[in-house]
1. Output the residue which, of all residues in the range 97-130 that are outside any helix (DSSP H, G or I) and open to solvent by 60 Å² or more (accessible area, probe 1.4 Å), is farthest from T43 (Cα to Cα).
2. For the range 184-206: of the residues being farther than 28 Å from N254 by Cβ and in a helix (DSSP H, G or I), which is least open to solvent (accessible area, probe 1.4 Å)?
3. Considering the range 54-92 alone, what residues qualify as being in contact with a helix residue (DSSP H, G or I) (Cβ under 9 Å, 6 or more places away or on another chain) and charged (D, E, K, R)?
4. Name the residue that is modelled with the lowest pLDDT, counting only residues in the range 44-60 that are open to solvent by less than 90 Å² (accessible area, probe 1.4 Å) and in a loop (DSSP other than H, G, I, E, B).
5. Looking at (1) part of a helix (DSSP H, G or I); (2) in contact (Cβ under 8 Å) with a residue 24 or more places away in the chain, which is the only condition L133 fails?
6. Of all residues in the range 156-166, count the ones that are over 18 Å from R125 (Cα atoms) and out of contact with any strand residue (DSSP E or B) (no Cβ under 9 Å at 6 or more places or on another chain).
7. Identify, from the list N99, N67, N89, the residue that is modelled with pLDDT under 90 and polar (S, T, N, Q).
8. Anything in the range 79-96 that is under 14 Å from L54 (Cα atoms) and open to solvent by less than 50 Å² (accessible area, probe 1.4 Å)? List them, or say none.
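The values are calculated or read from the model by the stated rules, or taken from the named source; none is laboratory data. Predicted model only: the values in this text are computed from it and were never measured. Neighbour counts run over all protein chains shown; Cβ positions are idealised from the backbone, glycine included. Each accessible area value is taken on the protein alone, full model and side chains, heavy atoms only, with ligands, DNA and RNA left out. Shrake-Rupley method; radii C 1.70, N 1.55, O 1.52, S 1.80 Å.
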Amino acid sequence: MLKKWFFFIATLIFVSALYACSGGDDGDGKEGEAAGGDNVNETGFPIVEEELELTIFANKPAQNEGNDWNDILIWNTYRDLTNINVNWNSVSPDALEENRNLALGSGDLPDAFFLAELSNTDLLRYGSQGAFLPLNDLIDEYAPNLKALMENDPTIEKAITFPDGNIYSMPSLIEDDFLSLRLSARPWVNEDWLNELDMDIPETTGDFYEYLKAVKELDPVGNGDTIPYGGTDIAELVQWLSGSFGVMNHGASNTNLDLDPNDDSKVRYYATADEYREMLEYIHMLYEEGLIDQSIFTIEWGQFLANASDKVIYMEV
């Protein structure tokens with residue numbers, strides 16, 4: 001449970017830490033007390049007694065394009081719990097690098113960067129210049145879960161500590177047995193149509209093939225417009241099927257490498273495995289028979305959303 005709960009709590013500590021750096025002067029010559037002193041509760045909620053306003057620069061994934069992060073349930077809930085009100089400066093992935101560089105170069109820094117894909121070079125450069133606050137002491141004082149994990153596994157602290165001895169960003173840690181996260185995107189099935197087909201949820205690749213064929217023949221959208229298996233990118237469809245063929249057994253982030261099923265002390269270049277070839281042959285068959293969206297190699301996010309809103313895609317990732 002520590003690692004699953006840790007990410008959010010650590011993020012809040014990171015937010016408070018950067019507020020101390022960028023909001024150091026509150027206008028009357030006093031150092032910003034919001035990140036220390038009597039306003040901060042060392043344990044429990046709220047994190048601060050007096051409401052704290054923060055601005056966070058955030059990379060907003062394309063699938064969240066229609067959501068205003070300044071008014072969504074999860075952030076509103078944590079605003080009420082923590083007494084920290086965040087004004088989100090959300091940037092689309094296409095404009096992320098340009099806007100991030102402008103923010104870093106302007107000197108008018110936000111209170112924190114969130115999912116901003118800052119490189120280690122930038123973290124060290126701006127950290128050594130004093131733009132980013134070292135988090136070492138704050139971790140010791142306010143992040144007992146992370147501190148305990150680092151003491152239990154020293155490689156964590158080693159991985160996030162820069163050559164100058166400082167820590168400038170928070171890690172995301174995942175339990176080894178937290179397998180669901182390795183799936184990344186997940187498929188969704190329209191249960192109404194599954195019931196109409198009088199079929200159970202597929203449990204094998206053979207079942208899945210028969211299921212997709214049945215959906216295509218049923219054509220619930222009409223005019224032959226039903227897409228049995230669709231998504232935003234062919235890689236998503238491949239990754240979701242990979243486990244059924246015994247490849248990518250350590251997740252999709254390990255491109256072309258996984259654990260050797262015959263020797264768990266070794267890694268394997270799975271692209272040369274027979275199972276990988278079988279998976280590609282299977283996917284090729286689905287595509288050739290029109291069971292996969294025929295525009296999967298060129299489809300853009302807007303078109304995918306349009307397809308989904310029109311219920312064109314029957315099963316999506």
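1. G107
2. L194
3. Hits for the range 54-92 are K60, E65.
4. Going through the qualifying residues, I end up with K60.
5. (1)
6. The number of residues fulfilling the criteria is 2.
7. Details: N99 fails: modelled with pLDDT under 90; N89 fails: modelled with pLDDT under 90.
Just one listed residue meets the conditions, N67.
8. Matches in the range 79-96: T82, N83, I84, N85, V86, W88, S90.
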